[in-house]
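One structure is given here, and the rest of the page talks about it.
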Amino acid sequence: MREIVLDTETTGLDPASGHRVVEIGCVELINHLPTDQVFHKYLNPERDMPQEAFNVHGLSADFLSGQPLFKDVAQDFLDFIGEDILVIHNADFDMKFLNWELKNLGLAELPKDRAVDTVRMARRKFPGSPANLDALCRRFQIDNSSREKHGALLDAELLAEVYLELIGGREPGLALGASSQSENRADAAPRVRDVRPPRPHAPSEEELAAHAAFLTKLKQPIWSA
């Protein structure tokens with residue numbers, strides 16, 4: 001099974017206000033485990049970088065001015081993710097930006113139901129606890145010491161580890177395997193058992209006499225009242 005863990009960095013919070021994607025990072029998972037296949041691009045947003053966004057990811061307008069435009073990498077991005085499930089932390093945010101960029105190029109938008117939102121997974125599993133990426137790394141003892149600022153590829157790599165823990169750790173299929181074995185047993189032909197005739201259990205004359213002698217030793221037995 002192939003899945004794509006995805007993260008983006010942007011110039012702000014809302015593409016409708018003119019904000020753009022400035023970095024895309026994707027990590028390929030096969031059977032929930034990362035492979036060595038990644039997709040990573042910095043993008044020229046063709047605009048300035050607000051200080052609030054720069055404080056988050058550290059990507060300056062000068063650095064990004066020499067990077068490709070989204071339209072230049074869009075097809076490579078789509079080819080990499082294919083038709084596979086997207087694993088995203090706060091999926092609504094990233095999907096909103098990606099679909100805005102794709103729509104502006106006249107390309108088909110990504111269906112929202114294609115994304116697995118790990119924020120929602122974490123909140124269901126740990127209600128009332130912080131669900132941000134740093135908090136989940138601490139909970140699962142994942143080393144995020146290199147995460148001084150947000151970065152799309154680094155965050156995707158960390159999220160891949162968090163996602164594995166959220167779905168049950170290194171062996172998430174154990175319950176499914178047990179269920180399958182139960183179903184197989186249910187479908188199997190009934191086992192034929194040897195039927196033995198019942199053994200006689202009536203007491204012998206000696207046992208009855210011994211029991212009667214024992215009863216004479218009891219004082220006021222309740223069954224004789």
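The values are calculated or read from the model by the stated rules, or taken from the named source; none is laboratory data. If you're wondering where the values come from, they're calculated on a predicted model, not measured in any experiment. Glycine also receives a Cβ, built like all others from the backbone with ideal geometry; neighbour counts cover every protein chain displayed. When the accessible area is computed, the model is the full protein with side chains, heavy atoms only, and any ligands, DNA or RNA have been set aside. Shrake-Rupley method; radii C 1.70, N 1.55, O 1.52, S 1.80 Å.
Here are the numbers for the structure shown:
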| item | result |
| --- | --- |
| Pairs where the first residue, in segment 39-66, is among the β-branched types (Val, Ile, Thr) and the second is open to solvent by 70 Å² or more (accessible area, probe 1.4 Å) and modelled with pLDDT under 95, C-beta under 8 Å, 6+ apart | 56/149; 56/150 |
| Residue list for segment 49-88, filter: assigned to a loop (DSSP other than H, G, I, E, B) and farther than 20 Å from residue 112 by Cα | 49, 50, 58, 59, 60, 65, 66, 67, 68, 69 |
| Lone unmet requirement of (1) among the β-branched types (Val, Ile, Thr); (2) within 17 Å of residue 102 (Cβ to Cβ); (3) without any contact (Cβ under 8 Å) to a residue 40 or more places away in the chain for residue 30 | (2) |
| Filter result (more than 17 Å from residue 163 (Cα to Cα), in a strand (DSSP E or B) and out of contact with any Leu (no Cβ under 9 Å at 6 or more places or on another chain)) within segment 9-35 | 10 |
| Index of the failed condition, residue 27 passing every other in (1) among the aliphatic types (A, V, I, L, M); (2) touching a Pro at 6+ places or on another chain (Cβ under 6 Å); (3) open to solvent by 30 Å² or more (accessible area, probe 1.4 Å) | (3) |
| Pick from segment 42-61, criterion among the polar types (S, T, N, Q) and open to solvent by 70 Å² or more (accessible area, probe 1.4 Å), ranking: nearest to residue 150 (Cα to Cα) | 55 |
| Residues within segment 1-51 that are among the acidic types (Asp, Glu) and either at pLDDT below 95 or touching a strand residue (DSSP E or B) at 6+ places or on another chain (Cβ under 6 Å) (or both), tallied | 6 |
| Tally of residues being buried (at least 18 other Cβ atoms within 10 Å of the Cβ) and in contact (Cβ under 8 Å) with a residue 60 or more places away in the chain across segment 13-24 | 6 |
| Subset of segment 120-138 (residues that are under 16 Å from residue 91 (Cβ atoms) and of a type in the set (Gly, Ala, Ser)) | 122, 131 |
| All positions within segment 114-157 that are small (Gly, Ala, Ser), farther than 24 Å from residue 23 by Cβ and either open to solvent by 80 Å² or more (accessible area, probe 1.4 Å) or touching a Gly at 6+ places or on another chain (Cβ under 6 Å) (or both) | 128 |
